[in-house]
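**Q** Quick one: structure below, then a few questions.
The values are calculated or read from the model by the stated rules, or taken from the named source; none is laboratory data. Remember, it's a predicted structure, so these values are computed and weren't measured experimentally. All Cβ positions, glycine included, derive from the backbone under ideal geometry; neighbour counts span all protein chains shown.
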Amino acid sequence: MKLDKLFPSLLLTSGIPLATSFAGIAILVATPTKAETLGEDKIKVPVTNVRILAQTPAPSKQNIILITGVKATSTEKGLEVILETKQGDQVQVNNRSTGNNFIADITGGQLKLPNGDGFTYRSEKPTEGITEITVANIDANTVRVTIVGEKALPAVELFDDDAGLILAVASTTTAAQPPETPPTAEQPATQTPPEEPAAQQDEPIELVVTAEQDGYRVPTATTATKTDTPLRDIPGSIQVIPRRILEDQKTTRIQEALENISGVRKQGNLGGSDAGGYKIRGFDQDGNFRNGFNDNDFYSSVDTANIDRIEVLKGPASVLFGQAEPGGIVNIVTKQPLSTPYYSAEFNIGNYGFYRPSFDISGPLTDDGSVLYRLNVAYQNAGSFRDYNFTERVFVAPVITWNISDRTTLTFDLEYLNNSYLFDRGLPSIGDRPAPIPISRFIGLPQSVYEDSNLRVGYRLEHEFSQDWQLRNAFSFVSGRLAGDYAIGGNDLVDDQFAPIFIGRDSFSRKIYTLQTELVGRFKTGTIVHQPLIGVELRRNTWEYTSFDVADLIQLDIFNPNYDVDLPDIPDEQTFSYTTRRDTLGIYIQDQITFADNLKVLIGGRFDAFQREETGFAETTTEESLSAFSPRVGIVYQPIQPISLYASYTQSFKPDRFFGLSATNEPFKPTRGTQYEVGIKADISEKLSATLAAYQITKTNVVTDDPNNPDPNFSIQVGEQRSIGIELDISGEILPGWNIIASYTYTDAITSKDNTIAVGNRIDNVPEHAASLWTSYELQSGDLKGLGFGLGLYYVGDRYADLENTSIMPSYFRTDSAIYYKQDNWRLALNFRNLFNETYYETSQARNTIYPGAPFTVIGSFSIQF
């Protein structure tokens, strides 16, 4: 670094906010309690001072500096961390200190990485005397640099460089030289920095991307607004489960990860496939979204190997995502290619014959780094605590990113998953409780084997016209097939002892084509800042279902089952078939308006035109056309910087999956959801945040039986469901090495209008009270540094297994734990689930399809990274 590039300096006392404008910034960190000699001038920098170098007036918030990369090199004084920018515009720097922490907020900047993996960088113990350096977005136009001194507050200096924004961090060994002692002939020449440091003296230093490997708190998410917006600026409840939690808990089913989030419960289990859907704030949501694409038309298995994070948006989401239930959505964000080589392998092994090898590799494919790749592969083979149950899974997910220019990026991705398993419909009820039989008991025949295969391919093209305007175009294709033979129970018992076993074969296939084009911008009207989003989505879904039923020819004694039964031949002639095609055009617009630094408004709306064509088993074809408009309005007020108060109004719509049959032969309208929500978000500390939300959701146009036309089973749209709740979520780091994610949920979800279900009945699978806590601690120093422990506590109250409220799944309290040890690039762990072998019931699809939770389970794992 040339010292003659320093701007004319203005020496200010540490803790005083100041404004600068420059092409680049350098922050020089000296060790505490020592001053530092700089070049030939021998300028002494007091410990409590910050040197700010300025040349023009304060910045305009409309011009945001994009920090597109972070790299580090060693220097004679310690190291330099360079925050790369495309251009230097006006910014504002406000500094303060807390204990040993020096904090610089760069207003007018945003950290935006090319690979999309999060928005935080962290380097632990990068040089002597400095414990940690972090760079992170804290809101839509502010980047925070935090430098933590080991024993005292660091001294900081700012200077310019063509490379961009720079932190020059001095080690204790270089800073310890007393400035009062001038260089003598006996001292090495390297005591004074040269004008042009030789290139060979710079050595790369690795930085850690926290979105991949670091803490429990994620400050920014894209699901709620489809823009990179800090959670504190969004008028709604959004919870994020980063990769770190999946790794600490050794999660292989995403429903296990979602147990950490308030208001989310598993809904069904689709024959034990771990597919199923969710209850969010009391309402069903079939399947998931993936990278913002609707992938929820039918249940499908999901593997965790390619998950970077899981974002849960609470409440109606139709304004951006179209057809959805009013409770919310689960959006899986997948891993993206990395710009530096990365190689990781892991092997997991556990009881019930569980084993799972996987690997994750990434890096550049070309010398100039313009083409990047990532490949995740996993294989899983497992038995089960359930008799005869098994799972065999193969998963492959390659991704390639081509950085066509500094403004244009094209990404291709693919996922293939094949899942074979025993089709298992759980346990029946006797009276108002699950049957008093061992939870291992299989109510069916071992010949019930299914195969679930899914292929997902797509691309994402992004082009920046300028720093303020960006065009995005993306396409997704999903092809899935679920097929197999079944000999299963699921209906009412005979004499509370014998389960009718249904025998047959069926096949379900689906194809989903989705094309999205979005324009994202930024402009000002006077002092008001707008961030508009305009989008168009085209979508086609096709389903085909075929069934070959025999009958319920066998009755299985659930107390003394005999599985040695010869099955009849399944007929070649189908007994039922169903095909449907749904076409949707969605047009949506949104504006994130900043009236002031502490006052923000979000407003948006979406219009959907929907056409459906269906052919049933009677070879009759029915068509219908529907439309819906879904608005959203929200406001955020921040009385002080760490606190956000918000309120919002949102609506959703969802057409019935199948055609209803009304006495007038008219198509049913989509169900509508309306939510009112208020809440408070708090940044308890730099790395710990909390959200408290209260809401009311009403779902109308629910289809119920028509009492005036009971034969042939006509329906009418007069039903209504209502959910009122309070949710609390806390996540982040309490102290260095001590992480936590916790939640509490109160949900009053009932049937508020119906012709057959009693008004006031609770909605199935929704407990009134639920709470969760997962915390981990890792020793930060000493001989046992790297040793960590985890503890999980999960409480779920009583839930009904059916809407009629005839069977209760009792409350339970489950304890999980973990112990691990990591050194350098490897990690060894033991994870224990249901430590005290609690008997509990996880979810249900009906009163006679209740899925028990697993007893004591242990998974040992070893992973290594290069």
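**Q** Residue check, Phe714 against (1) modelled with pLDDT of 95 or more; (2) on the phi < 0 side of the Ramachandran plot, all met but one. Which one?
**A** Going through (1) modelled with pLDDT of 95 or more; (2) on the phi < 0 side of the Ramachandran plot one by one, Phe714 breaks only (1).
**Q** Look through region 462-514, keep the residues that are within 30 Å of Leu66 (Cα to Cα) and of a type in the set (Asp, Glu), and return whichever of them is modelled with the lowest pLDDT.
**A** Looking at residues that are within 30 Å of Leu66 (Cα to Cα) and of a type in the set (Asp, Glu), I get Asp468.
**Q** Also, quick follow-up: Check off (1) farther than 30 Å from Ser509 by Cβ; (2) surrounded by 18 or more Cβ atoms within 10 Å (Cβ to Cβ); (3) acidic (Asp, Glu) for Asp424 and give me the number that stays unchecked.
**A** (1)
**Q** From Val766, Val759, which residue is touching a Lys or Arg at 6+ places or on another chain (Cβ under 9 Å), surrounded by fewer than 18 Cβ atoms within 10 Å (Cβ to Cβ), part of a loop (DSSP other than H, G, I, E, B) and not hydroxyl-bearing (Ser, Thr, Tyr)? Before you say what the answer is, go through the steps one by one.
**A** Values: Val766 fails: surrounded by fewer than 18 Cβ atoms within 10 Å (Cβ to Cβ).
Criteria check complete, one pass: Val759.
**Q** Can Ile680 be described as modelled with pLDDT under 95, assigned to a strand (DSSP E or B), surrounded by fewer than 17 Cβ atoms within 10 Å (Cβ to Cβ) and not basic (Lys, Arg)? It would help to see each step written out before you state the result.
**A** Numbers: modelled with pLDDT under 95: no; assigned to a strand (DSSP E or B): yes; surrounded by fewer than 17 Cβ atoms within 10 Å (Cβ to Cβ): yes; not basic (Lys, Arg): yes.
Judged against the criteria, Ile680 is not a match.
**Q** Quick check: anything in region 563-572 closer than 22 Å to Lys654 by Cβ and of a type outside the set (Asp, Glu)? Break it down into steps so the answer makes sense when it comes.
**A** Here is the first cut: in region 563-572, the ones closer than 22 Å to Lys654 by Cβ are none.
Checked region 563-572: no residue is closer than 22 Å to Lys654 by Cβ and of a type outside the set (Asp, Glu).
**Q** In addition: In this structure, is Tyr459 more than 30 Å from Thr85 (Cα to Cα) and either at pLDDT 95 or above or in a strand (DSSP E or B) (or both)?
**A** Taking the combined requirement at face value, the residue does not satisfy it.
**Q** Moving to a separate point now. Only residues that are touching a Lys or Arg at 6+ places or on another chain (Cβ under 6 Å) and loosely packed, with under 15 Cβ neighbours inside 10 Å: list them for region 822-846, please.
**A** Of everything in region 822-846, just one residue is touching a Lys or Arg at 6+ places or on another chain (Cβ under 6 Å) and loosely packed, with under 15 Cβ neighbours inside 10 Å, namely Glu838.
**Q** Identify all residues within region 802-820 that are surrounded by fewer than 17 Cβ atoms within 10 Å (Cβ to Cβ) and either in contact (Cβ under 8 Å) with a residue 40 or more places away in the chain or within 11 Å of Ala846 (Cα to Cα) (or both); write none if there are none.
**A** Listed by number, the residues that qualify are Glu804, Thr806, Pro810, Ser811.
Residues are listed down the side, and each one gets a yes or a no for (1) farther than 29 Å from Leu519 by Cα; (2) at pLDDT below 90; (3) among the basic types (Lys, Arg):
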{"position": "Tyr545", "(1), (2), (3)": "yes, yes, no"}
{"position": "Asp591", "(1), (2), (3)": "no, no, no"}
{"position": "Leu599", "(1), (2), (3)": "no, no, no"}
{"position": "Arg612", "(1), (2), (3)": "no, yes, yes"}
{"position": "Thr620", "(1), (2), (3)": "yes, yes, no"}
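**Q** Within region 683-697, which residues are buried (at least 19 other Cβ atoms within 10 Å of the Cβ) and over 21 Å from the mean Cα position of the chain (by Cα)?
**A** Selection gives Tyr695, Ile697.
**Q** Do the conditions hold for Thr849, that is, is it buried (at least 20 other Cβ atoms within 10 Å of the Cβ) and out of contact with any strand residue (DSSP E or B) (no Cβ under 6 Å at 6 or more places or on another chain)?
**A** Considered against the rule, which asks whether it is buried (at least 20 other Cβ atoms within 10 Å of the Cβ) and out of contact with any strand residue (DSSP E or B) (no Cβ under 6 Å at 6 or more places or on another chain), Thr849 comes out as yes.
**Q** Looking only at strands (runs of 3 or more DSSP E) that fall completely inside region 517-629, which ones have 2 or more residues that are within 22 Å of Gly322 (Cα to Cα)?
**A** Counting at least 2 such residues, we get 528-557, 576-596, 599-615.
**Q** Would you call Gly586 farther than 25 Å from Gly484 by Cβ, free of Cβ contacts under 8 Å to residues at least 12 places away in the same chain and not charged (D, E, K, R)? Let's see the steps before the verdict.
**A** Details: farther than 25 Å from Gly484 by Cβ: yes; free of Cβ contacts under 8 Å to residues at least 12 places away in the same chain: no; not charged (D, E, K, R): yes.
So Gly586 fails the test.
**Q** Name the single residue that is surrounded by the fewest Cβ atoms within 10 Å (Cβ to Cβ) among those in region 327-379 being in contact with a strand residue (DSSP E or B) (Cβ under 6 Å, 6 or more places away or on another chain) and of a type in the set (D, E, K, R).
**A** Applying the filter and picking the extreme gives Glu346.
**Q** Where in region 353-404 are there strands (runs of 3 or more DSSP E), lying wholly inside it, with at least 2 residues that are at pLDDT 95 or above, of a type in the set (Ser, Thr, Tyr) and farther than 29 Å from Phe465 by Cβ?
**A** Fully inside region 353-404 and qualifying: 354-364.
**Q** Check region 431-449 and report whether any residue there is among the aromatic types (Phe, Trp, Tyr) and part of a strand (DSSP E or B).
**A** no
**Q** Among the β-branched types (Val, Ile, Thr), out of contact with any Cys (no Cβ under 7 Å at 6 or more places or on another chain), surrounded by 22 or more Cβ atoms within 10 Å (Cβ to Cβ) and assigned to a loop (DSSP other than H, G, I, E, B): is that true of Ile261 in this structure?
**A** Answer is yes for this residue.
**Q** Please pick out the residue among Ser752, Ser807, Ser715 that is polar (S, T, N, Q), over 30 Å from the mean Cα position of the chain (by Cα) and farther than 29 Å from Gln255 by Cβ. Explain how you work it out, then say what you get.
**A** Numbers: Ser752 fails: farther than 29 Å from Gln255 by Cβ; Ser807 fails: farther than 29 Å from Gln255 by Cβ.
Matching residue, one of Ser752, Ser807, Ser715: Ser715.
**Q** Could you list all residues from region 534-574 that are hydroxyl-bearing (Ser, Thr, Tyr), surrounded by 14 or more Cβ atoms within 10 Å (Cβ to Cβ) and more than 31 Å from the chain's Cα centre (by Cα)?
**A** Tyr545, Thr546, Ser547
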